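A short worksheet on the structure shown next.
The values are calculated or read from the model by the stated rules, or taken from the named source; none is laboratory data. Everything numeric here is computed off the predicted structure, so don't read it as measured data. So basically every Cβ, Gly included, is an ideal-geometry build from the backbone, and we count neighbours across all protein chains shown. What goes into the accessible areas is simple: the full protein's heavy atoms, side chains included, and nothing from ligands, DNA or RNA. Shrake-Rupley method; radii C 1.70, N 1.55, O 1.52, S 1.80 Å.
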Amino acid sequence: MNRTTTRQIQPGPTAVPVRIEGQVPTILKGRPADECRRCAMESGRVVSRFEALARATFDIIFAMTPDWSELRLLDGIEFIPDPAVRDEHWLDRYIPDDERPRVLHAIRDAIEGRTVFDLEHRSHRQDGSIGWIHSRAVPIIDTNDRIVEWIGAAIDITDRRTAAQSIHRRKRHLAAVVETAADAILTVDTSGTILTANAATTRIFGHTVHGILGRHISLLFPDLPPEVCCAEVSEQDDGRPHHADLHGLHRHGHRIPTRFSVSRVRGTDRCVVVIHDVTDQRHTEARLREAERMAAIGTMAAGLGHDMNTILLPIRARLDAIEGDLDPARIEANLAEIRRGIGYLQDLADGLHLLVIDPDGDGCDGATTSIPHWWQRTGGLLKRSLPPNTRLQVHFPDDLPSVAMPPHRLTQVVLNLLSNAGKAIDAGGLVALWSRAALDGRVVVGVSDNGRGMSESVRRRAAEPFFTTRTRQKGTGLGLAMVHGIATTAGGEFEIESGPSGGTTIALTLPAAETEGRCPQESETAPPTAVVDVHCPRTASLLSHLLETEGFDPADPSEAPTAAALRVVDLATWLTERATTSRPAPMPVPPTIVIGHSTDRPDAPEKEGVAYLESNHGFDHLQSGLQSAIERVLPC
């Protein structure tokens, strides 16, 4: 293998600098002067080009003695301080104390291995600062296989190293933020494979980090909708996250309410997923909603005293008038007014009952509601959620389809909408509660007011949990959020139309009921019929009222008994029926409650479908006894 040796030849009339392979021959003599000049000029151009290239590429060009004891600086005056043409103390002059051992170690390895010296190290700079340089030097070996010198170059990499250190610090800070974050933070690829996860993932989902790496994200979200899968999130979104409220799955099997956010990392096939556990928030919202609901009930119940006194006073007066009156027509008229007053009180009680039921509770998801019938029961109570002197307009078409929503949830929805409208209007303002059938077969329920409107920014955020324009002492910001949640859970839509010029309409588009579903003691379909066949008018009226409170529709005794779900008959009538029947102790149809004095009752035990009710122990005993008798004859 040929070795290359470079020697500087002293210029003369017949001598030029040359670079030769192998051994250095004797300088040719006797060449013509013109040829020598041409060679010298060509060599000068080559050297100039090489020097220009080197200066454009490197900040320092240097040569070292074979043992690196002396530095000969070829170029680099603008970079290093106080350069010397030859410098035996270059290590002390240019290399910081704590960097010298590393530099000397690299030099020793290059000399022993006869390899290229290549090292990034710190160096003193001309301005007195310490920067970073990347030094490279190659050994020059003569024909005797000895290193005769080292030729090297270095470039200033201070800016690059500073940037790299800054990036490294930022990465450390980001890693620390991710690792200490309260939210679970994952990276997944477009196939849904989990690539990284932080410590919060273990706290929220129960899986160890190593246990989920390489697994599909469906391990944590079995029902992940396509629109928030990484493969569907486009780079065109400029990193904007897609959000969804999803239920994750804990390692132990229970469901976790979360706020799921995913965004694509630009230029890659990866997505960042941030999962916020909203369990505590949901509990807080539920407690605040319950507090607001109880406050609303308390406010309305406080005003019911006046209504009850207004109704009870004429009831007492008519009861006094009945006592001792022998005119059947007047007695019947008084009883009719008493029944009407009791019916109104019953409607108030029913409304309170629907308000007390938790709207988030389970068990009535298939129930339906006839809105006109529902308003008859709850209207008297819900009107009290509006300020005094408010004008309320109510319009429900007679042919309106029932909605696929339980009555107690509709009650909570309308209560919040009326209360919200009442707070937006001035004294004597107008509020309209209306409903209509939509063209697609659904039902639209809305509340409109002529009060203060909303700005566009408020309108957009009005249904967000905890958002309110009122002081915290006057609102929690959960009313419309609850309405929105109930409507969307039922498969409906929530829409607000408003403007700063005034007036707001909040409309819910709800699915119509396909069939008249029933939720026990709540369904707005026709209640079961109970025939009251009791001779004493006062007892019959009292029983009719008690049966209404139990969810029955009291019917006239002239109706066929087989058309009713229950029959209440006095003992004398029942004994007469038994005496005239051709069979002993027949099975009555429908189930029958027999009311009378126990001393007149036969000694035989109750038969299936028959229950006895004692009639001489007062109202409380009659009420509890009737409830017990209904449970015995109608155990379902």
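So the values come out like this:
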quantity: All positions within the range 104-118 that are under 19 Å from ARG160 (Cβ atoms) and either buried (at least 18 other Cβ atoms within 10 Å of the Cβ) or touching a Pro at 6+ places or on another chain (Cβ under 6 Å) (or both); calculated: none
quantity: Residue that is nearest to THR65 (Cα to Cα) [pool: residues in the range 147-185 that are in a strand (DSSP E or B) and of a type in the set (Gly, Ala, Ser)]; calculated: GLY152
quantity: Residue in the range 591-603 that is modelled with pLDDT under 80, open to solvent by 20 Å² or more (accessible area, probe 1.4 Å) and within 18 Å of GLU548 (Cα to Cα) present; calculated: no
quantity: Restricting the range 269-284 to residues that are closer than 21 Å to CYS230 by Cβ and not charged (D, E, K, R), the residue that is most open to solvent (accessible area, probe 1.4 Å); calculated: HIS276
quantity: Leading residue by the ranking (farthest from ALA463 (Cα to Cα)) among those in the range 407-419 that are touching a Ser or Thr at 6+ places or on another chain (Cβ under 7 Å) and not hydrophobic (A, V, I, L, M, F, W, C); calculated: PRO407
quantity: Any chance ALA182 is under 19 Å from VAL209 (Cβ atoms), open to solvent by 40 Å² or more (accessible area, probe 1.4 Å) and without any contact (Cβ under 8 Å) to a residue 12 or more places away in the chain; calculated: no
quantity: Residue in the range 433-456 that is nearest to PRO401 (Cα to Cα), counting only those that are without any contact (Cβ under 8 Å) to a residue 60 or more places away in the chain and among the polar types (S, T, N, Q); calculated: SER448
quantity: Residues satisfying the stated conditions in the range 489-530, i.e. open to solvent by 30 Å² or more (accessible area, probe 1.4 Å), within 23 Å of PRO401 (Cβ to Cβ), among the polar types (S, T, N, Q) and modelled with pLDDT of 85 or more; calculated: THR505
quantity: Residues located in the range 107-134, provided they are of a type in the set (S, T, N, Q) and in contact (Cβ under 8 Å) with a residue 40 or more places away in the chain; calculated: SER123, GLN126
quantity: From the options ARG255, ARG266, ARG215, ARG287, residue that is open to solvent by 50 Å² or more (accessible area, probe 1.4 Å), modelled with pLDDT of 85 or more and over 21 Å from ALA182 (Cα atoms); calculated: ARG215
quantity: Condition met for ALA200 (modelled with pLDDT of 90 or more, within 24 Å of GLY267 (Cβ to Cβ), out of contact with any Ser or Thr (no Cβ under 8 Å at 6 or more places or on another chain) and open to solvent by less than 60 Å² (accessible area, probe 1.4 Å)); calculated: no
quantity: Qualifying strands (runs of 3 or more DSSP E) (wholly inside the range 47-135; at least 1 residues being at pLDDT 90 or above and closer than 16 Å to ILE151 by Cα); calculated: 60-64, 117-124
quantity: Of residues in the range 227-252 being outside any loop (DSSP other than H, G, I, E, B) and modelled with pLDDT of 80 or more, the one surrounded by the fewest Cβ atoms within 10 Å (Cβ to Cβ); calculated: ASP245
